1. Just need the relative contact order of the chain here, percent rounded to a whole number, with Cα pairs under 8 Å and 6+ apart.
2. Taking the chain, how many lysine pairs are there with alpha carbons less than 18 Å apart, if each pair must be eight or more places apart or span two chains?
3. Provide the per residue accessible area, probe 1.4 Å, for the chain, rounded to a whole number of square angstrom.
4. In terms of solvent-accessible area of protein heavy atoms at a 1.4 angstrom probe, what is the ranking of MET84, MET137, MET35, highest value first?
5. Express the relative contact order of region 1-84 as a whole percentage, based on alpha carbon pairs under 8 Å and six or more residues apart in sequence.
6. Measure off, as a whole percent, the carbon and sulfur share of the 1.4 Å-probe accessible area of the chain, all protein chains present.
7. What full-extension length gain, to one decimal in nm, is calculated for SER134 and GLU200 as 0.36 nm per residue of separation minus the Cα-Cα distance?
8. Give the peptides 18-31, 145-158 in descending order of average Cβ contacts within 10 Å, highest first.
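The values are calculated or read from the model by the stated rules, or taken from the named source; none is laboratory data. This is a predicted model, so every value here is computed, not measured. All Cβ positions, glycine included, derive from the backbone under ideal geometry; neighbour counts span all protein chains shown. Just the protein is used for accessible areas: all its heavy atoms, side chains included, with ligands, DNA and RNA removed. Shrake-Rupley method; radii C 1.70, N 1.55, O 1.52, S 1.80 Å.
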Amino acid sequence: LDYLVENPKKIVAADLNEAQLAVLDLKLACLKAKMPHAEFFALWGRSDPRVFKRWYSSLKPHLRAGSKEYLDDTQHSLFQNNFMFSGTSGLMAYFLMLAARPLGISGSLQRNLGGFASDSLMFRAITAIVSAPSIWMYVAPLIGVPPEQVALVDRRPSLFSERILEIVAKRMWSEDNYFYHGYCVGQFDPYPKCPRYMSEQHYPSLMERVHKVELFHGSWGDAICDEPF
């Protein structure tokens, strides 16, 4: 949907995971059904189950058969338990949020405080934990990183630690870096603390361009074989 903001001729979203496709399909259905932006943001930014319950019957005609099957089975839990914490990556996000709130990270991100002092005891404690490669051997599978890729860390552990420290000290505190904001806070806040497609500015154009997105259940290679890119 962020690509759709740039108005390409066509987008083919290929995925082997039916759940991933169903989630994207539901977002597209919201656009096709002309859901007001405030409701869209409440659903995807704040995981408001009342919005889903109120709109689902209107969204179903716009969904693929596979999406309907998945969403019919998960509709009572997908937003009720906070969409941000669904799936395996959501489990990691939940644990991250539990640690971030008492440490003051969540509140600092929402108030755009710019981070912790790098010489503080709290900062040193946080970075010592998150920069340990052994920790990521257990965490990485939760966010879909294969074991072969995790094994690369063993070759250059110091370089890995430096990159993690860069994220903790700088990147996650950038005003437009919504990724860490959502994980640590447990919700998105108004743009730029959310993806561009969730902003009120770009929402009308996305509704006009939603027909340009095609979903493909299969591999990236198979999708290319079927499309004249």
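1. Working: 249 pairs, mean separation 79.9, N = 229.
The value is 35 percent.
2. Number of lysine pairs found: 19.
3. On the way: 13050 Å² over 229 residues.
Averaged over the residues of the chain, the accessible area is 57 Å².
4. Values: MET84 30, MET137 85, MET35 0 Å².
Result, largest first: MET137, MET84, MET35.
5. Details: 53 pairs, mean separation 31.5, N = 84.
Taking the mean separation of contacting Cα pairs over the length of region 1-84, I get 37 percent.
6. Numbers: 7410 of 13050 Å².
After summing per-atom areas, the C and S share lands at 57 percent.
7. Numbers: separation 66, 0.36 × 66 = 23.76 nm, distance 4.16 nm.
Length gained, SER134 through GLU200: 19.6 nm.
8. Values: 18-31: 20.6, 145-158: 11.1.
Ranking the peptides 18-31, 145-158 by packing returns 18-31, 145-158.
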